[in-house]
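Chemist: Please read through the structure below; I'll follow up with questions.
The values are calculated or read from the model by the stated rules, or taken from the named source; none is laboratory data. Computed from a prediction, not measured in an experiment: that's the story for all the values here. Note: ideal-geometry Cβ built from the backbone for every residue, glycine included; neighbour counts use all protein chains shown. These area figures cover heavy atoms from the full protein model, side chains too; ligands, DNA and RNA do not enter into them. Shrake-Rupley method; radii C 1.70, N 1.55, O 1.52, S 1.80 Å.
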Amino acid sequence: MKIIRYNFIVDGGGKMRNYELEVPISKNNESLEKDDSKCITCGYCKKICENDITVARMFEINPDREPICINCGQCANICPTEAIKERMDYLKVKELLHNNIGKKIIMSIAPAVRASLSEEFGNGTINVERKIPTAMKRLGADYTFDIIFGADLSIMEEAVELVNRIKNNGVLPQFTSCCPAWVKYCEIFYPELLPNLSTAKSPIAMQGSIIKTYFAEKENINSQDIINIVIAPCTAKKAEIKRPQLMTNGKYDTDFILTTQEFAHLIKSAGLDLKDMEEAQADSPFGEYTGAATIFGASGGVAEAAVRTAYRSEERRVG
């Protein structure tokens, strides 16, 4: 069978595109968007997708099919002209906050965002962890939470699952499922490894479902009246929240994902500066967390947290 390489195709504007040097981005991509007029065909996006992420290495581009993408956003990260960038949802959120019609706005922050957000407002020299809840409230949030609570939930679920797999001769090794780009990569290219994936949702997905169920019931709020907004470090989260598994009563558990850059734009467009914010705690009940959740975002942190949690839980049970 002969493999045909589709190096050049004509885009909607009649321009000849060189897909040996470009990563094609679908108009339906939930995470990324591309402005072909800004593309200088430098080849950086294709190189990182092919050599580092390895997605572009795994398939032949066919202009009659939807481009394959795991939504990781590394092409946008390396693009020198911003021809490829994250899909900007902060403008929708800004309008929503300005024209709120009786909805309860919940804003949560993923732990990994703090350091990069500090760089946006203080060259990384200020600790913004306790300034963020204040900024969220000033933007119009009714409740502010920390996704680090969701990390604890994921760690407990993955630890229990690991113990059960070991005891019952289950499929090993167990891979984490908290990264949506990794999960999608596995689904597309290595489906034989899907049984190795943990069945636990990611921290954002877990906390989103709890907000739309437990929290809504606790606060006597109709889940349909909650707008759940999460600040996350990864463009892949924008696609993850649209998965059909992450819905409650026919509505998505998380309504919007904003990247760090988008959240900084939102704060600045409101005339606010994190450096000038007074400190505050995230709201209860999702403001508490353990050391296992704290290391979740570090390299190797998920594995260490899950293993030590599994060990301690079994130690207490046996002891």
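Chemist: Kindly report the accessible area of the chain per residue (heavy atoms of protein chains, probe 1.4 Å, no ligands, DNA or RNA), in Å². Let's see the in-between values first.
Modeler: Details: 16420 Å² over 319 residues.
Heavy-atom accessible area per residue stands at 51 Å².
Chemist: Identify, among Ile295, Leu246, Tyr185, the residue whose Cα sits farthest towards the positive end of the charge dipole of segment 175-305, taking +1 on the Cβ of Lys and Arg and -1 on the Cβ of Asp and Glu, with the dipole about the Cα centre.
Modeler: Tyr185
Chemist: Now a separate question. Mean separation of Cα pairs under 8 Å and 6+ residues apart, divided by the residue count of segment 231-309: what relative contact order is that in percent?
Modeler: 21
Chemist: Which of the trypsin sites (Lys or Arg not before Pro) found in segment 43-76 are loop residues per DSSP with 16 or fewer other Cβ atoms within 10 Å of their Cβ?
Modeler: Arg57, Arg65
Chemist: If you roll a 1.4 angstrom probe over the protein chains with everything in place, what fraction of the accessible area of segment 227-289 belongs to carbon and sulfur, to the nearest %?
Modeler: C and S atoms contribute 48 percent here.
Chemist: Taking θ as phi - 60°, what are the ³J(HN,Hα) couplings along segment 92-104 by the Karplus curve (6.51, -1.76, 1.60), each to the nearest whole Hz, with x for Gly and Pro?
Modeler: Values per residue, Gly and Pro as x: 5, 5, 4, 5, 5, 5, 6, 10, 4, 10, x, 8, 8 Hz.
Chemist: Counting alpha carbon pairs within less than 8 Å and at least 6 residues apart, what relative contact order, in whole percent, applies to segment 39-80? Walk me through the intermediate numbers first.
Modeler: On the way: 25 pairs, mean separation 19.8, N = 42.
Averaging sequence separation for qualifying contacts and normalising by length gives 47 percent for segment 39-80.
Chemist: Where does segment 93-181 land on the Kirkwood hydrodynamic radius, alpha-carbon pairs, in angstrom?
Modeler: 16.1
Chemist: Per the Cauchy relation, a quarter of the hull surface: what is the mean projected area of the convex hull of the alpha carbons in segment 142-186, in nm²?
Modeler: Averaged projected area of segment 142-186's Cα convex hull equals 4.3 nm².
Chemist: Moving on. Can you send over the carbon and sulfur percentage of the accessible area for segment 158-198, probe radius 1.4 Å, protein chains only?
Modeler: Whole-percent figure for carbon plus sulfur exposure: 65.
Chemist: Given Cβ point charges of +1 (Lys, Arg) and -1 (Asp, Glu) and nothing else, what value in debye, to the nearest 20, does the dipole of the chain about its Cα centre take?
Modeler: 420
Chemist: If you don't mind, another one. Report Thr54's accessible area, 1.4 Å probe, all protein chains in place, as a number in Å² to the nearest 10.
Modeler: 30
Chemist: Please list Arg138, Arg114, Arg308, Arg243 in order of solvent-accessible area, largest first, computed with a 1.4 Å probe with all protein chains present.
Modeler: Putting Arg138, Arg114, Arg308, Arg243 in descending order of accessible area: Arg138, Arg308, Arg243, Arg114.
Chemist: Related question: Considering only protein heavy atoms and a probe of 1.4 Å, how much of the accessible area of segment 26-72 is carbon and sulfur, as a whole percent?
Modeler: That fraction is 45 percent.
Chemist: If you average the sequence gap of Cα pairs under 8 Å that are 6 or more apart and divide by the length of the chain, what percent do you get for the contact order?
Modeler: 22 percent.
Chemist: While we're looking at this one, here's another question. Is it possible to state the helix-based mean residue ellipticity at 222 nm for the chain, with each DSSP H run of 4+ residues giving -39500 (n - 2.57), the sum divided by total residues, to the nearest 500 deg cm²/dmol? What is it?
Modeler: Per the formula, -10000 deg cm²/dmol.
Chemist: On a C-alpha basis, how far is the centre of segment 196-247 from the centre of segment 110-165 in Å? Whole number, if you could?
Modeler: 14
Chemist: For the chain, what proportion of DSSP beta bridges, expressed in % and rounded to the nearest 5, is antiparallel?
Modeler: Looking only at bridges with both residues in the chain, the antiparallel portion is about 35 percent.
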